[in-house]
1. I'd like to know if the stretch 13-21 contains one or more residues that are surrounded by 13 or more Cβ atoms within 10 Å (Cβ to Cβ) and at pLDDT 85 or above.
2. Is there a residue being modelled with pLDDT of 70 or more and open to solvent by 70 Å² or more (accessible area, probe 1.4 Å) anywhere in the stretch 40-48?
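The values are calculated or read from the model by the stated rules, or taken from the named source; none is laboratory data. Treat the numbers as computed from the prediction; the structure is a model and nothing was measured. Ideal geometry is used to build each Cβ from the backbone, glycine not excepted, and the neighbour counts take in all protein chains shown. Calculation scope for accessible area: heavy atoms of the full protein, side chains included, ligands and nucleic acids excluded. Shrake-Rupley method; radii C 1.70, N 1.55, O 1.52, S 1.80 Å.
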Amino acid sequence: MVKERPQYFSDSDEHSEFVKALAQVRRLAPFEGWCFQHVQAIQVAIDQYAEAALGNRAFFWNKPHSAG
């Protein structure tokens, strides 16, 4: 049976430790007091990884709200 990949990180609890760590780094990076350009570079790199490996650049972003 082939399972469809989750569209967003919050869609599933079955993630590898690496993907969980990336989500945590992306969430905590702005609060660590790092240089803005460093934080931005880290977030872009994580988003590029998500696009290449998981097929969705917005995988770690919050799920969009539904209309209506």
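1. No, the stretch 13-21 contains no residue that is surrounded by 13 or more Cβ atoms within 10 Å (Cβ to Cβ) and at pLDDT 85 or above.
2. yes
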